[in-house]
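Visitor: Would you mind keeping the following structure in view while I ask a few things?
Taken together, the values in this text are just the output of simple stated rules run on the coordinates, not laboratory data. None of the values given here were measured: they were computed from a predicted structure. Glycine gets a Cβ as well: all are built from the backbone with ideal geometry, and neighbour counts include every protein chain shown.
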Amino acid sequence: MRRAFADTRFGPPAVGVASLLLALALLEALIAAGVINGFIVPRPSQIIAAIPRIIVEEDVLDRFLQTALEALWASLLLTVVGIGLGMLLFRFRLLRLATETWVAALASAPVVLMYPLFLVIFGRSATTIVMIGFAAGLSPVILKTVEGFAGTRKVLLDVGRSFRLTNTQLFHKILLPAALPTIFVGLRLGLIFAMINIVGVEFLINFGGLGQLINELAERYDLPGTYGAIFFVVLVSVVFFFCAERIERWLRPGM
Amino acid sequence: MAAAGNVGAIAPTAQRHVLWLRAAIIVVVLAVWEAVAASGLLFRDVVPSLAVIGKAIGRLLATPDFYRNLSITAAEIAGALLIGGLAGVVVGIAIGANRFLARAYESFIYYLGPTPKIIFFPIMIMWFGVGPGSKVAMGVLSCFFPIAVSAAGGMREIDKVLIRVGRSFRVTAWQMVSKIYLPAMRAPIVNGIRLGLGVAIIGTLLAETKLSNRGLGYLIIQAYSVFDMPRMYALLTVLFVLSIGVNALIGRLATPGRRGVD
């Protein structure tokens, strides 16, 4: 019986959501009973009630658009520079051999910690936020672009050559279509890294869109508002990752 | 992601060319940096000369204050990795071993994992205060998710024969974990810890830059606030070298055949 329930489509996810709601109800009861300090953790009902207020009073739509615009600029930079550098490394094998390890090392480096340096160079502005997002997402785009081009099946290239395609035709008709799904994986990863860092730096430097909202509410000690804003930003992030994943699956049906 | 250097066998001549090219790139980058520093194109001190940065690194490494702050940050990160790592492994094993739990709760971990953790810092300050507690909590929050996801994946990849052998010997639940699950999951757990360490470093240090009076993050933001650019470059350089070095060291543990011969 238990196994049958575990195999149903909606059963386990419903249990997951139900246990989350139960935890929130328990929290509400514990705060109401004074077991948990209500000045540190606001009641879930207060947080839910604060969400419409912050949406109306704190220009959440404008802030969302501001963060989205920063993410758009970062993604444009990632696409142009990241894919460009990836193609360069694929085209020149020696350059790839010499620098691929460095690019991989950059992926594990805490780039976002350079934000004070970016503040000095670009000032407390949207440019700093965009550049941090760009720098944080660059490595996966480069590495996945190289991987995509290098993974093109040799037989496809041989077919192209047997048709006497020029190098440009070979690139447009064979290499690019074959590499595109892998390049998109890199772009998705890069954009996720960029998005995380954009919201994070907005919070840290108290500038921009959704990240700044949390900082402002926390500084005003608007507890339900702070928790509500964090919930809202987490929700936006989750929807963003979910959509990116769906688009990738749509582009890569065999995945 | 493409493994670094995964480009087939390299002939000795090509290896020499690669080394020369690497040296040439480093020389060009350093020369361009020095030229920009001398040109005055950017605001003074934004790009200090390499000699000035070198001296700043020397001064930094010679100061006891740096090691005191380094030890504070290292302790915070170690604490975060210990708590977050243990919680991540336990949750990962539970989710990886039980299909029902995985279907009920794994999507929470999967989708919450990549959200920006630093936005939880105001909550952590309220819960754990402005001291090291909130920084450790930020590290825990950061490293829990990659370790749990990695441990759950590793748990599912354990050879079913090993699990059946354990059950046929009627071992206890703890023996199953210590004798079968954990040894068989060594590589994914170490990889998870490697990923977790990277994000724990970021989470802890970002929290230190936001609100702290000790630690490497505090030193970085202090250098920024007094516009001591050579010191900031020195701190960032040392931090990057340490992060990448520790990451590479843990990565070696995950690679089979790297352990010493018994």
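Visitor: GNM on chain B, C-alpha springs below 10 Å: top fluctuator among B:Val32, B:Val47, B:Val199?
Guide: Top of the fluctuation ranking is B:Val32.
Visitor: Turning to a different aspect of this structure: With a 10 Å cut-off between alpha carbons and a GNM built on chain A, which of A:Met114, A:Met87, A:Met131 moves the most?
Guide: Evaluated over chain A, the most mobile residue of the options is A:Met114.
Visitor: Helix by helix through chain A, keep the DSSP H runs that span 30 Å or more along the axis on Cα and average at least 0.5 on Kyte-Doolittle, and give those back in order. Don't skip to the answer; put the middle values down first.
Guide: Working: long enough: A:11-32 (31 Å, 1.91); A:126-150 (36 Å, 1.41); A:176-205 (41 Å, 1.90); A:223-251 (42 Å, 1.36).
Correct list, ordered by number: A:11-32, A:126-150, A:176-205, A:223-251.
Visitor: So what is the relative contact order of chain A, in percent, for Cα pairs below 8 Å that sit 6 or more residues apart? If you can, show how the numbers build up before the last one.
Guide: Numbers: 263 pairs, mean separation 61.0, N = 255.
Across chain A, relative contact order equals 24 percent.
Visitor: What whole-number distance in Å separates the alpha-carbon centres of segment A:169-218 and segment B:113-162?
Guide: One Cα centre to the other: 22 Å.
Visitor: Using a 10 angstrom Cβ neighbour count of at most 15 plus a DSSP loop assignment to flag exposed trypsin sites (Lys or Arg not before Pro), which longest range of chain B is free of such sites?
Guide: Working: sites that count: B:Arg44, B:Arg170, B:Arg258, B:Arg259.
After excluding every exposed loop site, the longest remaining stretch is B:45-169.
Visitor: Apply the membrane-span-like helix rule to chain B: whole DSSP H runs, Cα extent along the own long axis of at least 15 Å, mean Kyte-Doolittle hydropathy at least 0.5. List the helices found. All intermediate terms of the calculation are to be shown ahead of the outcome.
Guide: Details: long enough: B:12-39 (40 Å, 1.22); B:50-62 (18 Å, 1.60); B:64-97 (48 Å, 1.29); B:99-112 (19 Å, 0.29); B:132-156 (36 Å, 0.98); B:186-210 (35 Å, 0.90); B:229-254 (38 Å, 1.49).
Answer set is B:12-39, B:50-62, B:64-97, B:132-156, B:186-210, B:229-254.
Visitor: Pick out which of B:Phe108, B:Phe144, B:Phe169 has the largest mean-square fluctuation in a Gaussian network model of chain B, springs linking Cα atoms closer than 10 Å.
Guide: B:Phe169
Visitor: Cross-link list A:Lys144/B:Lys117; B:Lys135/B:Lys160; B:Lys55/B:Lys210: which exceed 31 angstrom alpha carbon to alpha carbon?
Guide: Numbers: A:Lys144/B:Lys117 26 Å; B:Lys135/B:Lys160 40 Å; B:Lys55/B:Lys210 28 Å.
Distance filter (> 31 Å) returns B:Lys135/B:Lys160.
Visitor: Given the DSSP H assignment, sum -39500 (n - 2.57) over each helix run of at least 4 residues in chain A and divide by its residue total; what's the result at 222 nm in deg cm²/dmol, nearest 500? Walk me through the numbers before you get to the answer.
Guide: Numbers: 13 runs with 199 residues, N = 255.
Mean residue ellipticity at 222 nm (helix-derived): -25500 deg cm²/dmol.
Visitor: Measuring from a point 7 Å past the Cα of B:His17 along Cα-to-C-beta, which residues in segment A:80-106 have an amide N at less than 18 Å?
Guide: A:88-101
Visitor: So, one more: Could you tell me the calculated FRET efficiency between B:Leu162 and B:Leu86, based on Cβ-Cβ distance and R0 = 30 angstrom, to the nearest 0.05?
Guide: On the way: r = 23 Å, r/R0 = 0.76.
For R0 = 30 Å, the calculated efficiency reads 0.85.
Visitor: Could you tell me what fraction of 2.2 N^0.38 Å the Cα radius of gyration of the protein assembly as shown comes to, as a two-decimal ratio? Intermediate results must be reported in sequence, preceding the final value.
Guide: Details: Rg = 24.8 Å, N = 517, 2.2 N^0.38 = 23.6 Å.
Normalised Cα radius of gyration, the protein assembly as shown: 1.05.
Visitor: Give me the net charge of A:Gly200's neighbourhood, meaning all other residues with Cβ under 11 Å from the Cβ of A:Gly200; Lys, Arg count +1, Asp, Glu -1.
Guide: Values: positive: B:Lys117, B:Lys210; negative: A:Glu202.
Around A:Gly200, the charge tally is +1.
Visitor: Given a Förster distance of 45 angstrom, what is the FRET efficiency for A:Val35 paired with B:Leu182, based on the Cβ-Cβ distance and rounded to 0.05?
Guide: The computed FRET efficiency comes out at 0.80.
Visitor: When the helices in chain B are scored as -39500 (n - 2.57) per DSSP H run of 4 or longer and the sum is shared across all residues, what 222 nm value do you end up with, to the nearest 500 deg cm²/dmol? Walk me through the intermediate numbers first.
Guide: Details: 10 runs with 192 residues, N = 262.
Calculated from helices alone, the mean residue ellipticity at 222 nm is -25000 deg cm²/dmol.
Visitor: Additional query: Give me the net charge for the shell around B:Gly217: Cβ to Cβ below 15 angstrom, other residues only, Lys and Arg +1, Asp and Glu -1. Display every interim value, and only then the final one.
Guide: Details: positive: B:Arg68, B:Lys117, B:Lys135, B:Lys210, B:Arg214, B:Arg231; negative: B:Asp65, B:Glu76, B:Glu208.
Surrounding charge for B:Gly217 is +3.
Visitor: Can you give the FRET efficiency to the nearest 0.05 for A:Arg93 and A:Leu22, using r as the Cβ-Cβ distance and R₀ = 60 Å?
Guide: Numbers: r = 58 Å, r/R0 = 0.96.
The formula returns an efficiency of 0.55 here.
Visitor: Still on this structure, I have one more. Pop a pseudo-label 7 angstrom from the Cα along the beta-carbon direction at both B:Phe43 and A:Ile121 and give the gap in nm to one decimal.
Guide: Here the answer is 1.4 nm between the modelled labels.
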